[in-house]
Every structure is written in structure tokens, then in C-alpha cells.
Amino acid sequence: MTNTLSRRDFLKLGTATAAAAAAGGWIQPRAARAAREAGLLDAAGNGYIPSMCEMCVWRCGLLARVEDGRVVKLEGNPEHPHSRGNLCPRGQSGLMNTYDPDRVLTPLIRVGKRGDGLFRKASWEESLDLIANKMLEIKTRYGPEAMVFSTTHCLTQQQFENMMYAFGSPNYGTQRSLCFNAMITAFLLTYGVEEPARNYNNVDFILLVGRNMMEAISTSETSELSHAVDRGAKLVYLDPRYTKTASRAAEWIPIRPGTDSAFLLAMINVIVTNELADCEFVKKYVVGCDGIKDAMSRYTPEWAEKITGVPAATIDRIAREYAAARPNSLVHPGWRTSNFLNSFQTERAIATLNALSGNVLTPGGCLSAEVAAEGAGLGAPPQPPYPRLSALRLDGTPWKYPLVPLKLGVFQELRDAIITGQPYQAHGWFISRQNPILSLPDRNKTLQAFGKMDFIATVDIIMNDTAWFSDVVLPEASYLERYDPILPVEGKAFIRQPVIEPQGEAKSTLWIYKQLGERLGLGDYFQYDDEEDYLRTQLKPLAVDLEEVKALGYAKMPEDETKGEITFNTPSGKIEIYSETLKNAGFSPWPTWEEPPVPAEGEFFLLTGKVAQQTQFGTQNNQLLHKYSDEPRLWMNASVAEERGLRDSEWVEVTSNVGKVHIRLLATQAIRPDCVYMTPGYGHLSRGLKTAYGWGASDSVLHVTYTDPISGSQALSQTFVSVKKA
Amino acid sequence: MKLNLTIDKRLQLKPIVIVLLALMGIAFVVAMIRYVSGIGSISDLSNSFPWGFWISFDLFTGVAISSGGFLLAATVYIFELNQFKPLLRPSILTAFLGYIMVVIALLVDLGHPERIWYMMIHMNGTSVLLEIGICVMSYLTVLAIEFAPVVFEGIKWQKAAHFLHRFIMPFVILGVVLSTLHQSSLGSLLLIEPQKLHPLWWTPILPIEFFISAIGIGLAMIILESSLSSRAFKRGLETHLLEKLAKVIPIVLVVYVVVKFGEIIIAGDAKYLLISGIMSILFWAEIAMSTFIPLILFSFKRIRKSASGLLIGAIITFFGMIMNRFDVSWLAVKHSDPLSYLPTFMSNVKYFPTLPEISVSVGIFSFGILAFGLAAKYLPVFGKQEEASTK
Amino acid sequence: MTEINHHAFLFDATRCIDCRACMVACSVENKIPMNKTRIWVAGLGITGEFPNLQRETMVYHCMHCNAPDCLSGCPVGAYSKRDDGPVEYDKNRCIGCRYCMNACPFGVPHFDFDKGLVDGAFIDKCTLCPQRIDIGLEPACVATCPTDALVYGEWTDLVKEAHDRIAAHPGRYIDHVYGETENGGTSYLILSHVPFSELGLPNLPENPINKVSESVMEITIPFALSWAAVLTGVAAGVHMNNKKKEANAKEAETYDEKPEETK
């Protein structure tokens, strides 16, 4: 390790490794040696390598088309339930993601100040040693709980958690509380399942509450919903914005933000008051059928009209249409439900409505509450039990938030604990496949928390904002360059395998975690030689050869035992519209109305959402997606903009309680007058992202942190902003 | 230290020549940039605006204003109206230089100027543009042959001059046929865009309208060229000849107006005449300048017999006809509708000629003027009755 | 080789969610540079006033017309049409005149305005993925479309499918399949809920629009020959007439005893 650093050692921002791709010579990388050796290609070097996409968490199966030994295209794998032969725009752009000229391809160690973006290239040896030493130092001086570990939904999550629990820290940050805590906790409490599966084969009536399915694409589900609508199913869509889903819906209801639960509670009122649900039948499976009429009595459509702005007659009619279509009617559970503090109640109301429809009780029905355990049916390497965790978890789970499952956590609350040092001070942060600087609300607060860290290490494929502010950056191989643990999907165990040789020194996280674990003295928890060895262990119970799985792309898993009685994994074994658990925790046992705050005069709701061409905070540097993306501007209702003398395309200043951004305006008819909207994921700070840097603004700068005491969910739409000429 | 600046008088350049050379130089530089960095680097042409100023001015207008050549060739050689002979050579020269300018402009506008000769070996018989290309190249050859005697006389190679002169007829006929074809074909170019060219202009008989107007503009050009060069080179005005030509103009314009309006009415497009906003304004301005006003002006003997009257009338006709060419090739053509387009780099509907773009046309035009001046100075362009002094 | 006689697309504008997967797929499949595209979104976008809104967009690319105007207009024949549908462009012939861009009523051919002589400025447009369709795969855009807004197959089958859909869902579609007859028929058929002009599609007659210019071209050579003959005749006639006049004048002279004073 040198002490004197020459200018050449400084990382020039933006490696030239894949410059050829950027220069217009199109990417045709060599197919991975492993795939070639596995016989996936014929003598001429043509063939398909099956793997899985990672451009979002839907993880469509893909087939990488190889010609003359070079990967030329990604196609959807018809055998995979999530793709069925299709890939969304992000999936199609995967080669460009892997061949992004701004990829981080060697371990990097910071040399300047945090945030300057000055790093030097280092060897794996040096970097891993450094991280391990720092982590052990923190463990020795402050206790293992002083290390924070955070990662986002990925296939090596189990191994990440493995490392964290083995290390002895309870402090786990995942993106879940920014996303679906409300939905998961509500359905866990009501159905006993995290997320009921949706089935559109026979559906006749669909109510989407938010869940902009046509832009927040989950390939197969978007396809199924679209085909259901084509077939004649009626789609009713609640959203303050006229999104692409709105244009496919039979009815678009521009509901006032924060009042979804009022709408839904009124629907429940109409259904139970007029006995439109077959309560005798559902009573068998539902707790609360008796008292629900009274509990819902005050939520009349007239009451809801005043709150939501939707005419009472409309609410009444939709409730009746929904009930009439049962059991082939569905209220979608939603996914990212981190909108308002009352979103938990919205989710409870959704669960209730589905129960009343009976759709979750019919085999093959629109909703299914079967539990599919993660990793069930697969093998695992042996390992010793974890050390006992003694420290309180900094994010308040479960001591402040008793109903939040440990694996969800309340990520956004970590920062206050770090900043205040209460109940104890955290000193280190290990982040993998996550971008908290851009994703957590109130970016300033996140930066403040980062400032308190003695040591930050990040695993990423590109110089994302979080990597930019780290002390060590480890290069992960992209999803097209690595093995990941097997992922079972609907009865098939799918493999992710390298379709391209890893570039530079990038490595899979299976390898990284093991290497780090060994240096931390936790080698016993990583008893596999390499990735293939790990996969073989996973496949052992299926008695199938790894080479076979590589060729086919998956292995069939044994069928589930025949289902008998319909039961739910709740304390009562039934659907709990009335939840004793909630009551005991001091919350309302019924789905209930909680008044949301409203913006002051002249202020707007700041809405967030998704676009089909990007995924959250990680894809904005992809040149192909950039090419086909709309410019990220602030949506404002055109009449309102005119009233305020603001012109389309001009620069405006948007201010909230915690931050301020400059962004160009989009004057549009497609949004409520009391709302503005920003697409998240822009306004990067990292100058290592040549394509994304300088494009758009970050809504995280503006978001105020709000946490729902029940589900721990963040309330991203509860931030109010003022807008004026810049 | 005083430099002894004695330059041979013959090498001294008149200021006008310096200006023209400078303009040519600028055009050359711009053209070089265009060859290296693409047409988009010096103009705002785009996928929604593939043709712009160069095509409208250098091609459409350039060809139209070179129509004097075949008119006079026909007049003198076919109709044997020898009184017009003094006007013949300058017109041939104008046409010859005009077509050279067209070809130079094409060499800058074409994406692959080095492949311009492909039109001779890869021929698509349904393409109007091919016909124009072949005709222009052939007619340029014919004009060269028609002008060659002047050159030969100038370099005192009388035998060759006389030889060519004797066999000039087939070339004259060929020239008239070729001119008829491509003057009308420029109109035919727009036949394939019925939904883009405004109904006030688009008609299946566009080629006929173009040919008639080409005769009109040719006559006007002869008058214009003669008037200007008489003044520029301080020669006698040929008003007596021009007056006779001017007499024909109203007849041509009447035919043109009858055909144009007749077609509009018969096609049922009369409803667009007054209610088409900018298009109506363009249409009536064009008709006024290219037909109504010249028609009226040249109907008056007084104007026909006056040098300035002829000049003004010719200028008005000239600009009116240019307007027509610009309208048909650009201003009345619908380019991409302002719909939402994605990706945004895809269309660039706003087009306006840029300074570099115009400078190329100006430079080419300067070349034309310079060449005309040089030829007029050193070759017997203006007949054998030249003044002794050539300065 | 496949047994399809006329490769065609059916685009259903009511199914398209403007996700642009087709565009990304095409870019990768055909190695399109970052500043070019062969498929694009067109249309009026969102129309109406809040909250009565409608979205009018569609994606399209080369229509692979039955009577292509680009093919008709190209002076050097750089365009050709396969018997089974695709309209092909040969960059080795192209002279960069850009007439095809004017001729095409759909604005399809895109030109390299940013390339000079060294890199070569050419036209780019959808090729109908011959490298895929000739081995039985769907074109890249169709293969990836998650909502089946884009489907592909035999032209006659797709026309039938389109009319079936119109019949099955009265009120959902304009009762017309764009491309069935327009400009003599195209290989890209379109179903829409809104008038086709609002999607950016031109109003075209059944008779291909290049028929007028092609007819004019057909008579060119006969006309030229006739005109040459007429002119020759006139020239000969005038010449003979003048010669006669000259001869008469000379005769008159010789019969005159007194030489005429000039002037």
C-alpha cells in the first residue's frame, strides 16, 4: 500500500473500459466462459443463455441471445412466469446497464473528502482487509451493534443478513419501509400473508388504488391486467394524476391525495349496509362480519364525498359494481404504499373489501393468500447458530414499532438515531445494492447521518450517489456477469448465471460476502467454496444437476401438497377484518379513517410515482433508457400554472420544510390543481454518473420524514411544497 | 520602411471582384465544414425538414431562372427570329452558369456528392428526381456545346466555332426538349406529396404549370439579365429587342393564370383561396407578383418601351416566380405536425435558414456573377460589335 | 424460411401503454446509435381539460407500404421491396438526396444530418428485422411488447383479427383498420379509439399517392420524342419557309432594274 499517491492513481471519473460502447460501436460482449463450457452454445457460438433480469425486483427470466460467441440481445424467457417471453424497456436495456462506461470495475478507496469523488484503485486484498479491520475495530470498541448494515431486495439478501446476524448487529436497513410496509403489515395482520398473489384470468372488475401498473411495470402482471381490460374487465383507477394507467381505465377518479381510505371505507359501508356481500358465506372465514356494519356506519358516501371530492353517487355506484362482480372483483393490494400515514388503514380497507368479495376464498380466484416461504425446498450450507443480539435496534423495531416485522424495519428512522446518538451511537455502515442517499426522504438528513459515520463501505456496480459518499467502494459484478442464489418462482427454481464475463475485477456478492465474512472471523457462516458450490448445495433437495439447470434455466420443484381447508396464517386462522392484535397494541381494531394533513393556501401536495423507462434510483445513467425517457420536470396543473404566471418549460424553485430544488416546469392537464409531481431518481450528486449527472432534480431533497407508528411506513406524499419562479 | 507596391495593372482587382471572391471563400469554408461534420452542423435541416433553402433557392429557383437559354435558343434557331441574336449568347451564358451553379449546390446538398454520377448507372425509372438529374446533366452538356462557339471564337479557334455552329440544330432541339422536361419535372417532384403540399398549389398538372411559368420567368430573366449587364458593362440598352419579348409575357401569364385558377376551381379547391390564413396570403402575394402585376405592367406599351419599366417589370415577375418556387418547395409544404414526439431529438420542426447555409448559396451565386463578368470581359459574349476598350 | 406470404404488424393503440420496450429492443437488436431511432411515439399526447382527459399516442415505424413512395421516388433505386413485404434500403446506392424523406407520407426515413463524408450520411429506417423473421422469430419490437399492442403475422390474418376485434368490442375502436387500404395498403395495420389523424397518421386515399408521379414519368420518353419531332418539324418548316422568302426576295431583286438604295 503506497502512502504517496501520484496523480495517475486518482480515479479518473468514468472509466474508459467500455468506452467503445459509448462511442457508438455497438456492444457485443463475449459470452461467459462458464456458459460456453456448459455447452449452452453450439459449435458456431450461437445459442441462448438463460438467466434472470435485475433491472427491477420483478426479476423476469431472460434469454441472452448469443451469436458467434457474442451476446447481442436479451429476450424474455417464455418459461418464466414473470416474463413469459416479454421484457420491459429496462429489461431490454440490460446490456447497456452492464456496459455502462461509468461502471466501477475495481475496488476503490477514498482519498479526498467524502463527496469529492476522489478515489484510488485498490486491490481486493487491500479493500477487503480494510473493511474487515474497520468493522472489527468498531465491534471491539463499540460493540457489533455500532455497525449498520443495509441492502435492498436482492437475491443475495439471505447471505447479507447472514453476515449481519453472524456479526451480531441488529441494525438492518432495507428499502421496505419506503415502499410497502403499509401493505405488508396490513395483509399480515388481516390475511396472515405478506402479499396475496393476484390472478387475472377470470376477473371482471378491478379497482386500482394508485398502483400505476402500466408505468410501474411488472411485466407479467402488467400484461395480465392489460389483457383482462382488453377482454372486457372494468378497470377503475384512483390517482390524483392522469397516468398511462388512467388512460387504460374505464373510469379514472382524480381523488384528493390522502383520502383513498375514505373512498374505500365508504365502499365497505355501502356493501355491508346493503348486504351486498354474502356475509353468511364469508362469516366462516372472516372475523368481524358481525360488527362491521356498525363499525362502518359513519363512513357514508356522503361523508366520503366531502373528504375525497368524489361524488357520493359515484362511490355508491362503484361499490355496487364491485360487489355485483364478486367473486371476480378485485381491489389490488397495491405495492408501493408509502403515501400517507393513513396508508396502513387504506391497505386494511383494501384487505377488507377483497374479503367481502370472497375472491380470496375461491381456489383460482383473483386473490390468493397462500404462503410461499422464501427458499423453501432448497438446500443451504451448514452453519452455526447466530450469536444472541442484545442491543436495541436503532430504527425502533420492535420497541418503538411493535407491529413492524423485523425483516421490514423502519429504515428512515435510523438516521435520527445516528445523528442524535440515541440510544447509542452507530459508527459504521455497510451498504450493498442500495442507494439511501437518493432514496431516503430528506437527503440532507441522510448526508448528516453519513457525516457521523467513522466508516462507510458500499457494494455497487456503478458510482451511484451512495458510493460517491463512501470510504470504500467494492465493484459488484452486474446481473449479467454473475451467479446468484436460486430463486423459486411458481414452482420453478430459476438460476441466474453469467452471460458475460465479469468486466474488470467485478465480483458477485456471494464471493464478496464470503471473503468479507472470513476476514471477520465468520468463515463458518459461509461454508461454500464458490458460487457454483453454493448453487449445488441449494439444488441438492431437488436432485438435479447444476449443468442441467444452467442449460434449461430452471429446475422444476416438487408440487405443493394438496390444499385442504382454506386457512389464514392469523391468530384466529381466519381473515381478521377485526384485529385483536391491533387492539392489543393500542390501535383501532377496525379499518378506520385517519385525517391526513392538507397543504396550506398556495402550497401543493408533492406526489411521487414511477415511469416505465426507469427503476427507482439506479437506472438513470443507462444511456438507452435516457434516450427514451421523458425529461423529468415538475408536473403542475396547466390552469394553476397560468394563474401563477408560470410558463411551461421554465425553471421553478420548489421548496419544502427541509429542502429546495430547481427544476423545469411541465404545465399539464394531467394532474389535480392541488398537486405537483416529480419523478424520483434524478438530481444525482455523483459526478461519476456521466449521463445522469445534472439531469432533473431529487425529490428526496424535499421529502419530510414521516413514519406511521403501526407499519413504520414512510409517507412520501405528505410533503407539501411551494413553487415559484426560479 | 516603405514597400514598393507596384502591381501590374492587369492583376489589380476591382473591389467588387474582391467582395465576390471573399463570398466564394466563405462558402468554400462552410462547405468544407459541412463535408466534415455533416449538413446539420451548418444548418437546421432535420428529419422533419429534409429540404430547405438550398433546394428552394439553388435548385428550384436556379433552374427556373436559367430558362432564358432554351427560350432564346428556340427563338433564334428554331423560329429563326435572328433579330434576337444579340440576346442569345448572354442568355446561353446565363443558363450555362446557372446550371453549373445548380450542380455545385447539389454537390454541397447531397449526402454523397461523390456518388452524383450514380444517377447515370443506377436508374429508377419512376423517379422524377432521376429525370431531373439526367436532364440537368445532359442539358449542361448541351449548353456547353451551345456556348462552346463563344469560347472558341474568344480563343480565336474559328474553325471549331464554325464547325459547331453548323451542327447546332440537333443540340438546340435536344436542349429545348430537355429543358421542357426538367423545368416541368421540378413541379412533378411535388406530385408525390399531395397531402403535404397545400391544395392551392398541388395539382396533377403541376408540371404543366411549372413549364408555363418557366417560360414567363425565362422571358423576365432575359430582360433582367440584359438590362443589368447593359448597365454594368456600360453597353447600349437593347430595349428595342426586350420590348418585343415583353409583349409575349402577358400572353404567357394569361395562359398561366387561366390554367392555375381553372385547375383550382375544377379541383374544388377554390374554397381555400381566402380562408387559408398564411397560405392564402402567400398564394395571393405570389399570384400578384408573378402574374397580375406583370400582366398589367407589360400590357402598357409605355412600360414596354421604357428601359426602367422593363427592368422593374422583370424584377417583379422574377421575385413573384421565385416566390412560387419557394412556396411549392418549402413554404406551402406541410412539415411534421406539432404532435408529441418522442424521442425529442427525433424531429426539429422549426427550420429557418442559417447564416452559413445562406452564405453557401451567396457564394455560389457570387461565383456565377464573377464567371459571367469574366466571360463577358474576355469572350465575345455580347456579339461581335464590341467596343474597342475592354476595360 | 417461414411460410408467411406478407409479413405484417397489427398495432392496437388501445393496448399500448407507451412503455417504449419496443424502442429499446429495436435499438439493441439493430445496434442503433444513441442519437437515432427507428420507432417513435407520435400523437397529440394528452388532450382535453382536467378531469376529462384522453391520451392519444401511438408508436410506429416504417409502414412497409405495398406501393412504397420512397421506392418510387428514389432516383438511384436504393429502395427495394421483398415479395413478402419488407421494404429494404441499400446504403451502397444512396446518394443522400433525401427525396425519400419528402416522398414518404409517414416521415419514416431518418437521415444522418450529423455525419460528414468520412463517416457517411445515410438513411435509417425499420428493416422489419429480416435477421429475425427469416428464421421464424418475431421482430424485436413485437417479441417484447408486454401488452400485445404489437402483434405480427400474415397480413390477411391480421386484417381479419383487426376486424374481429372491432366487431367484438363495439364502441372501443373506430370502425376502420388503418393501413388496410391507405396508400394501396401498408404492412403496419393500426386500430385506434381516436381518429387516426390525432395519432399523427395522414389521410391517404386507396390509390397510392405515387401513381400520379409515376404516370407522369411513364409518359416522359414518349412525350420527349414527340416534342422533339414537333420541334424538328417546326424548325424545318420555318427554315424552309424562310428560305422560300429569301429566294422570293432574291428573285424580286433580280427582277428589279434599279438597285435599291439601302436605307
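Data table
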| item | result |
| --- | --- |
| Members of region B:160-198 that are among the basic types (K, R) and at pLDDT below 85 | B:R166 |
| Where C:E180 falls short, out of the listed (1) more than 10 Å from every other protein chain (Cβ to nearest Cβ); (2) surrounded by 10 or more Cβ atoms within 10 Å (Cβ to Cβ); (3) assigned to a helix (DSSP H, G or I) | (3) |
| A:Y706 vs. criteria under 22 Å from C:F50 (Cα atoms) and touching a strand residue (DSSP E or B) at 6+ places or on another chain (Cβ under 9 Å) | no |
| Which listed residue is in contact (Cβ under 8 Å) with a residue 40 or more places away in the chain and either surrounded by fewer than 22 Cβ atoms within 10 Å (Cβ to Cβ) or closer than 20 Å to C:N5 by Cβ (or both), from C:D164, C:D148, C:D119 | C:D148 |
| Unmet criterion (only one of (1) modelled with pLDDT under 90; (2) under 30 Å from A:C675 (Cβ atoms)) for A:W593 | (1) |
| Residue ID - surrounded by the fewest Cβ atoms within 10 Å (Cβ to Cβ), chosen from residues in region C:187-199 that are more than 10 Å from every other protein chain (Cβ to nearest Cβ) and not in a loop (DSSP other than H, G, I, E, B) | C:F196 |
| Which listed residue is within 12 Å of chain C (Cβ to nearest Cβ) and either modelled with pLDDT of 95 or more or under 19 Å from A:L208 (Cα atoms) (or both), from A:Y299, A:Y242 | A:Y242 |
| Some residue of region C:3-15 being part of a loop (DSSP other than H, G, I, E, B), within 10 Å of another protein chain (Cβ to nearest Cβ), surrounded by 24 or more Cβ atoms within 10 Å (Cβ to Cβ) and of a type outside the set (F, W, Y) | no |
| Residues of region C:75-107 satisfying the condition of being within 19 Å of B:W330 (Cα to Cα) and outside any helix (DSSP H, G or I) | C:G96, C:C97, C:R98, C:C104, C:P105, C:F106, C:G107 |
| Every pair of residues 6+ apart whose Cβ atoms lie under 8 Å, when the first sits in region B:149-170 and is surrounded by 15 or more Cβ atoms within 10 Å (Cβ to Cβ) while the second is assigned to a loop (DSSP other than H, G, I, E, B) | B:V150/B:L379; B:V150/B:P380; B:V150/B:V381; B:V151/B:L379; B:E153/B:L379; B:E153/B:P380 |
| Cβ pairs under 9 Å, 6+ apart, first in region A:644-662 and acidic (D, E), second part of a loop (DSSP other than H, G, I, E, B) | A:D648/A:R633; A:E650/A:A726; A:E653/A:A726 |
| Of all residues in region C:25-35 being at the interface with chain A (Cβ under 7 Å from one of its Cβ atoms) and either part of a loop (DSSP other than H, G, I, E, B) or without any contact (Cβ under 8 Å) to a residue 24 or more places away in the chain (or both), the one that is surrounded by the fewest Cβ atoms within 10 Å (Cβ to Cβ) | C:K31 |
| Residue that is surrounded by the most Cβ atoms within 10 Å (Cβ to Cβ) [pool: residues in region A:188-213 that are over 17 Å from A:G365 (Cα atoms) and either away from chain C (no Cβ under 14 Å) or charged (D, E, K, R) (or both)] | A:T190 |
| Test: residue in region A:347-356 that is more than 24 Å from A:R176 (Cβ to Cβ), more than 19 Å from the chain's Cα centre (by Cα) and without any contact (Cβ under 8 Å) to a residue 60 or more places away in the chain | no |
| Where A:C154 falls short, out of the listed (1) part of a loop (DSSP other than H, G, I, E, B); (2) modelled with pLDDT of 95 or more; (3) surrounded by fewer than 23 Cβ atoms within 10 Å (Cβ to Cβ) | (2) |
| Yes/no for B:G216 being touching a residue at least 60 places away in the same chain (Cβ under 8 Å), under 26 Å from C:V212 (Cα atoms) and part of a helix (DSSP H, G or I) | yes |
| Given (1) buried (at least 20 other Cβ atoms within 10 Å of the Cβ); (2) without any contact (Cβ under 8 Å) to a residue 24 or more places away in the chain; (3) not β-branched (V, I, T), number of the condition B:P294 does not satisfy | (2) |
| Some residue of region C:42-55 being more than 7 Å from chain B (Cβ to nearest Cβ), surrounded by fewer than 24 Cβ atoms within 10 Å (Cβ to Cβ) and within 16 Å of the chain's Cα centre (by Cα) | no |
| Number of positions in region C:108-140 that are part of a loop (DSSP other than H, G, I, E, B), more than 7 Å from chain B (Cβ to nearest Cβ) and among the small types (G, A, S) | 2 |
| In region B:194-251, residue surrounded by the most Cβ atoms within 10 Å (Cβ to Cβ) [restricted to those that are among the acidic types (D, E) and more than 14 Å from every other protein chain (Cβ to nearest Cβ)] | B:E238 |
| Residue identified as over 25 Å from C:A25 (Cα atoms), within 14 Å of chain B (Cβ to nearest Cβ) and modelled with pLDDT of 95 or more among C:I95, C:I166, C:I174 | C:I95 |
| Number of positions in region A:214-233 that are assigned to a loop (DSSP other than H, G, I, E, B), facing chain C (nearest Cβ under 9 Å) and either of a type in the set (A, V, I, L, M, F, W, C) or under 25 Å from the mean Cα position of the chain (by Cα) (or both) | 3 |
| Qualifying residue in region A:254-274 (condition: within 11 Å of chain C (Cβ to nearest Cβ) and under 21 Å from the mean Cα position of the chain (by Cα)) | no |
| In region A:357-380, residue surrounded by the most Cβ atoms within 10 Å (Cβ to Cβ) [restricted to those that are at pLDDT 85 or above and more than 28 Å from the chain's Cα centre (by Cα)] | A:S357 |
| From the options B:S188, B:S179, B:S91, B:S184, residue that is within 21 Å of the chain's Cα centre (by Cα), surrounded by 21 or more Cβ atoms within 10 Å (Cβ to Cβ) and away from chain C (no Cβ under 14 Å) | B:S91 |
| Of residues in region B:61-81 being of a type outside the set (A, V, I, L, M) and within 13 Å of chain C (Cβ to nearest Cβ), the one nearest to B:A144 (Cα to Cα) | B:F70 |
| Any hit, region B:127-138, residues being facing chain C (nearest Cβ under 7 Å), over 19 Å from B:A64 (Cα atoms) and either charged (D, E, K, R) or crowded, with 18+ Cβ neighbours inside 10 Å (or both) | yes |
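Here is a yes/no grid of residues against (1) more than 8 Å from every other protein chain (Cβ to nearest Cβ); (2) exposed (fewer than 11 other Cβ atoms within 10 Å of the Cβ); (3) touching a residue at least 40 places away in the same chain (Cβ under 8 Å):
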{"site": "C:G185", "(1), (2), (3)": "yes, no, yes"}
{"site": "C:L201", "(1), (2), (3)": "yes, no, yes"}
{"site": "C:S213", "(1), (2), (3)": "no, no, yes"}
{"site": "C:T220", "(1), (2), (3)": "no, no, no"}
{"site": "C:H239", "(1), (2), (3)": "no, no, no"}
{"site": "C:K250", "(1), (2), (3)": "yes, yes, no"}
{"site": "C:T254", "(1), (2), (3)": "yes, yes, no"}
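The values are calculated or read from the model by the stated rules, or taken from the named source; none is laboratory data. All of these numbers come straight from a predicted model, not from anything done at the bench. Glycine gets a Cβ as well: all are built from the backbone with ideal geometry, and neighbour counts include every protein chain shown.
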